[in-house]
Every structure is written in C-alpha cells, then in structure tokens.
Amino acid sequence: MIYLDNAATSWPKPPAVLAAMRDFAENWAANPDRSCHRMGIESGQRIAQARALLSDLLRAPDASRIVFALNGTDALNIALKGFLNDGDHVVTTSYEHNSVGRPLAGLERAGRISVTRIAPQDDLTLSPDAIRRACTDRTRLVAVTAASNVFGAMNDLPGLALAAHDAGAAILVDAAQAVGFMDIDVAAAALDMVAFPCHKGLYGPMGAGALYVRPGLDLRPLREGGTGTRSESETHPEEMPYRLEAGTPNAHGLAGLAAGLAFLRETGLERVRERERALALAFSERLAGVPGVTIFTGRNQDAQAGIVTLRIHDMASQDVAAAIDSRYGIAVRGGLHCAPGAHRFLGTFPDGAVRVSFGYFNSENDAETAARAISEISRAAL
Ligand SMILES: Cc1ncc(COP(=O)(O)O)c(C=O)c1O
C-alpha cells in the first residue's frame, strides 16, 4: 500500500515508536504516578519525558503548561469550553475543521456566545487585518487554524496573535496540520493556547493529543477526578497539568509519543518540511496540464504543508479515492475532510475533493505513482 493520507494520521510510525510502545507494554505498563513502585515510577517518567520533549519543541516556558488529551478534538474542546464564558464573542475562520467549528456552533446555537467567521484571502491564507476588523469590544477569543487540512496553506501565527491581542482577545491555534512541520515558538509568537493531535506530525499513536496553555491563563476543567496527586482533597487540584488532566492517561501512547518526539528532534523540522514539500511539489508538477485535473493548494510554496487537494472532472471524490485504492493500492482521502467551510470556499462543496497528503516516509516513487494513477483515471474519464 502507498499511504498518502498522512494529514489524517501519519503512517508508518518510526520503528522507535513501535519499539517504545512494546517495551512499555511488556515492562512498565503500570498506572503512572499513582503508585510508588518502580513500574509506576518508570511509567510516569515516560509521560514526563513526552511532556518535556513537547515543551522543548514548542519552546514553552514551562512543561507543566502542556496538557495531554485524547486527540486534537479533545484538546480543542478543553480549550474552548474551559475558556469561553456566556456572552463572549469569538472570531474564527470559515474554513476550520469541525473540531473547532462544531463546538463553537454548538455554543452559538445555545445562545451562549456569538461568532464571526472570516474567509481566507485569495492566496488561501488568513489576513491579520481581517481579524482586526472582525474583533469588537466583546471579542474574547480568536480561534484559528495554523494550516488548513484541506488546502495546506500555513498562516502567519505571530501576526494573527498580535491582531488578537491588539483587540484585547486571546488566541487559540489549531495546530493539527502544523505541529511537527512548522516552527511553532509559543513564546516568541505570543500564543495563548495551541491544541493538536499527537498522532500526525509528532508520530505518536492514535489516542493522543495535547494542549499548550500559556502561564497565567487558567481554564475551567472539563473533567474532574483522579490525578494521583492531593488525594486527600475533595476538589480537583488547581495546579497544571493535573488541573486539566483527570483519570488514567494513555500511557502506552505517550511512551510512543516520547519516541516520536525524539525521532523528530534527531531528524529536524527543516528536513521533514523539505521532504514533504518536495514530494507535494513533484506530485503537483506531474499533474499540471493533465486534462480534467484541478489542483487546490496555497500560492506560496514556502508556507505550504505537504497537502495537495484535487478534483478530476466532475467525478465523485469518494469514487476517485476508492478507485485509487482498489486499482493502484494507494490510500488517499475523498469527501469533505471534516472541513465543509474549506470546500465551500474552494467551490468543491458538497462532494468535496481528493486529498493527497505526504509524510516523511513517502518516496519520490510514491509521488510519481500517485500522479500516474490520477492522470490515468482522468484520461480514462474524458
Ligand atoms: C485541522 C485539524 N484540526 C483538528 C483535527 C482533529 O484531530 P483529531 O482527529 O485528533 O481529533 C484534525 C484532524 O484531522 C485537523 O486536521
């Protein structure tokens, strides 16, 4: 199988991730930090290591500000529902993933918040000035994606943070498609909250996500219960990260994540970016001029994730994805990619498009084979 669905989750994982999870399961899989026997301590140390590596990657001022969650969606819910109060106004984009869009729409429909949604510019990036114009006296949060999961264009995070802060609002960034690819320095960019899955560009397994919360910002916990700390207290601990983490964590997954983060550190973000961009570019160039193929990506190659979204004539995107799988053994994703607004903007709603997303482990041959498959399907449909 040629796997080109890395924007959904990365595959394969580096061998060190699988080895770390196996070692953890075989030797250390006790409940972390709850028990003071050696297995419990070792288990807790794996999680502490993942937290420290993640904190270094984001250049967070303090590792305790990194909270582990179930996935990207969970991290976003912890942020949105822990931060927003009734009556708040939120500025967001019209092309967010449903993980941001749906919680906001739910609160909006319940009459608890109001929301302004901004479309991208023609180059498919978000304008800080558009954020400024949309903010009002009541805007408390700007919630935006770092990079679209449909067209891959990366946004100027420091510029967007400045626009939010000038309006007196905090900024929450959905970094699902950017973390492990884009250099995100939470302190330099003055980001208040950054949420992301750990199973895409960080090479952890599914079932892991994380949220960075800047020092001084206290979120209401969504869940309360056991933390293994302050057991004598009737109420949930206030200190981070336990304030926002309750119950036994996905320690197997976080042990794998620590190995994924170590792999990323050794490899370097720049190398990952160069490889994925080069593959996406080679793929798009091979398809340029193929009759019936329309490609949708950002205009600036230096601000583009390894995502190429396309349509073939008026063929249903899911049919194309199924044909690429069954005839060529290539995994890509059709449909709306949980981001209907992005497809509305591109004019590809309601059928969606075919998303081809490259990962660090793909080869030039993968890009070439996929381009040939698309071109053959397109020519056959003429
Ligand atoms: C931009 C974006 N936000 C949020 C998510 C949600 O992440 P998860 O599937 O881990 O909940 C995704 C995943 O596809 C995404 O691409």
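Would you pick out the residues in region 2-16 that are assigned to a loop (DSSP other than H, G, I, E, B) and farther than 10 Å from Arg333 by Cα?
Passing the criteria: Thr9, Ser10, Trp11, Pro12, Lys13, Pro14.
So, in region 330-366, of the ones that are assigned to a loop (DSSP other than H, G, I, E, B) and within 13 Å of the ligand (Cβ to nearest atom), which residue ends up farthest from Gln121 (Cα to Cα)?
Gly335
Can you name every residue in region 283-310 that is crowded, with 17+ Cβ neighbours inside 10 Å and among the small types (Gly, Ala, Ser)?
Scanning region 283-310 gives Ser284, Gly292, Gly298, Ala303, Ala305, Gly306.
Under 9 Å between Cβ atoms, which residue pairs at least 6 apart in sequence (or on different chains) link something in region 175-198 that is within 24 Å of Gln301 (Cβ to Cβ) with a partner that is modelled with pLDDT under 95 and surrounded by fewer than 24 Cβ atoms within 10 Å (Cβ to Cβ)?
Note: pairs meeting the criteria are Met182/Ala303.
Pairs please, first residue from region 65-83 and closer than 18 Å to Ala105 by Cα, second anywhere and within 12 Å of the ligand (Cβ to nearest atom) and hydroxyl-bearing (Ser, Thr, Tyr), Cβ atoms under 8 Å, 6+ apart in sequence or on different chains.
Gly72/Ser99; Thr73/Ser99; Leu76/Ser99; Asn77/Ser99
Is at least one residue of region 209-219 within 11 Å of the ligand (Cβ to nearest atom) and modelled with pLDDT of 95 or more?
There is at least one residue in region 209-219 that is within 11 Å of the ligand (Cβ to nearest atom) and modelled with pLDDT of 95 or more.
Within region 185-205, is even one residue within 10 Å of the ligand (Cβ to nearest atom) and surrounded by fewer than 24 Cβ atoms within 10 Å (Cβ to Cβ)?
For region 185-205, residues within 10 Å of the ligand (Cβ to nearest atom) and surrounded by fewer than 24 Cβ atoms within 10 Å (Cβ to Cβ): absent.
Return yes or no: is Thr145 crowded, with 17+ Cβ neighbours inside 10 Å, at pLDDT 95 or above, not hydrophobic (A, V, I, L, M, F, W, C) and not assigned by TED's automatic domain parsing to the domain that holds Leu281?
So Thr145 passes the test.
The values are calculated or read from the model by the stated rules, or taken from the named source; none is laboratory data. Predicted model, so just to flag it, every value in this text is computed and none were measured. All Cβ positions, glycine included, derive from the backbone under ideal geometry; neighbour counts span all protein chains shown.
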